[in-house]
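Derivation of every value follows stated rules applied to the coordinates shown; laboratory data play no part. This one's a predicted model, so the numbers in the text were calculated from it and none came from an experiment. Neighbour counts run over all protein chains shown; Cβ positions are idealised from the backbone, glycine included.
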Amino acid sequence: MVSFSSAGARIGAQGVVPPLLQSHPLLRYGFSGSAFAIVDGDVYATFELSQKLYHWKLGARSAEALAVPAQQRKGVRTSLFEELLRDPSLAPKIGYDRSIPMGLYAMSEARVVLLTIDGMFNHSTFVGRYYVSVIDVPGKRACVDIPVDAPDDPTPRLAVAGDTLVVVQQAADRNGQWA
C-alpha cells in the first residue's frame with residue numbers, strides 16, 4: 001500500500017509480501033491479482049498465488065495469515081509456481097488454472113468477504129465462475145466457496161455492502177454482441 005500527498009508525491013509505503021513472493025521475486029510479474037480492504041486501521045489482503053488472507057494493523061511490519069481453503073473453486077496449485085520457475089515457456093499452456101481474487105470487502109469489523117474467479121479465455125473474452133468466501137478474522141474460520149450464479153460477462157462489476165452481494169452485468173444482444 002502506497003500513500004501519496006495531495007500533490008501526488010509519494011509519502012510512504014507499507015504492507016506485507018507473502019513468503020512465496022519473497023523467496024521467488026520473479027513470480028510477482030506473472031501473478032499480479034490481489035485484493036485489499038482497510039477497516040478501522042486494519043488491513044486485509046489476498047494474493048493470487050496464496051490460499052491465505054493476510055491481516056495487519058496499519059504501520060505494522062508483520063501480518064497474521066489465515067487459511068482460506070478451496071473446496072469448490074480451483075484454489076492455487078503450489079506445484080504451478082515450481083513448474084514455471086523450472087520452465088517459463090509453460091505459462092501459455094497452464095493458462096488460468098487457478099483462482100484469482102477479484103475483490104475483498106468489509107462485511108463488519110470482524111468479517112471480510114473475498115470474491116474470487118476461476119476464469120479462462122473463450123474467443124478472446126475472459127469468462128469464469130465466481131465464488132464468495134466469508135472470513136471471520138477473530139474466530140480464524142471461513143465459510144468458503146459459495147458459488148455466484150451469474151452468466152458469463154467479460155467485465156462484471158461486483159461489490160459487497162454489509163451482507164448483500166451486488167452483481168452488475170452486461171448483457172449480450174440477440175446478435176451475441178455485448179451491450
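Counting only DSSP beta bridges with both residues in the range 39-89, tell me the antiparallel percent, nearest 5. List each step's numbers first, then the result.
Working: 10 of 10 bridges.
The antiparallel proportion sits near 100 percent.
For the pair SER34 and VAL168, what calculated FRET efficiency results from E = 1/(1 + (r/R0)^6), where r is the Cβ-Cβ distance and R0 = 22 Å, to the nearest 0.05? The computed FRET efficiency comes out at 0.50. Here the peptides 107-119, 60-72 are ranked by packing, the mean other Cβ count within 10 Å, and the order with the highest first is 107-119, 60-72.
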